[in-house]
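The values are calculated or read from the model by the stated rules, or taken from the named source; none is laboratory data. This structure is a prediction, so every number in the text was calculated from the model and none was measured. Neighbour counts run over all protein chains shown; Cβ positions are idealised from the backbone, glycine included.
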Amino acid sequence: DTAVFEVSAAGVNRHTWNAEMLGLAECHVDALRVNGAAQSAAIIRRILSGEQGPAYDMVVANAAAALFAANRAESIQAAVPLAKSAIDTGATSALCERLKLWTNHQ
């Protein structure tokens with residue numbers, strides 16, 4: 001579980017987020033452990049190519065949290081389908097490719 005503190009003009013609210021409430025599978029931290037940048041990059045490429053599993057779920061959870069924090073969704077639960085869609089449609093992969101091309105030309 002992750003303790004979350006939501007700060008707004010109305011005050012501070014404490015929430016607890018977990019995989020189950022997001023509709024994602026729970027996993028053990030060992031399923032996410034990598035042995036360096038090359039392995040991490042390979043996993044990211046596989047996720048962006050459509051491979052699902054514990055790493056995909058972690059990326060979805062973090063993307064959903066970012067979308068919620070940016071006020072792109074009313075709740076983190078509502079942000080999960082947005083995050084999945086961005087990955088599954090290839091939009092995220094296309095954006096990463098554009099960023100790669102841009103940084104290589106700078």
inquiry  = If I filter region 1-53 down to residues being assigned to a loop (DSSP other than H, G, I, E, B) and of a type in the set (S, T, N, Q), which single residue comes out as nearest to Phe68 (Cα to Cα)?
reply    = Asn18
task = Please verify whether region 75-84 includes one or more residues that are touching a strand residue (DSSP E or B) at 6+ places or on another chain (Cβ under 7 Å) and either touching a residue at least 40 places away in the same chain (Cβ under 8 Å) or closer than 18 Å to Leu32 by Cβ (or both).
result = yes
inquiry  = Could you go through region 47-65 and let me know if any residue there is in contact with a Lys or Arg (Cβ under 7 Å, 6 or more places away or on another chain) and among the aliphatic types (A, V, I, L, M).
reply    = yes
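Table: residues versus (1) among the aliphatic types (A, V, I, L, M); (2) within 20 Å of Thr92 (Cα to Cα); (3) exposed (fewer than 13 other Cβ atoms within 10 Å of the Cβ); (4) free of Cβ contacts under 8 Å to residues at least 60 places away in the same chain.
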residue: Asn13; (1), (2), (3), (4): no, no, yes, yes
residue: Met21; (1), (2), (3), (4): yes, no, no, yes
residue: Leu24; (1), (2), (3), (4): yes, yes, no, yes
residue: Pro54; (1), (2), (3), (4): no, yes, no, yes
residue: Asp57; (1), (2), (3), (4): no, yes, no, yes
residue: Leu67; (1), (2), (3), (4): yes, yes, no, yes
inquiry  = Going residue by residue through region 39-46, is there one that turns out to be at pLDDT 95 or above, within 13 Å of the chain's Cα centre (by Cα) and closer than 15 Å to Thr92 by Cα?
reply    = yes
query = All but one of (1) outside any helix (DSSP H, G or I); (2) surrounded by 12 or more Cβ atoms within 10 Å (Cβ to Cβ) hold for Glu74; which doesn't?
reply = (2)
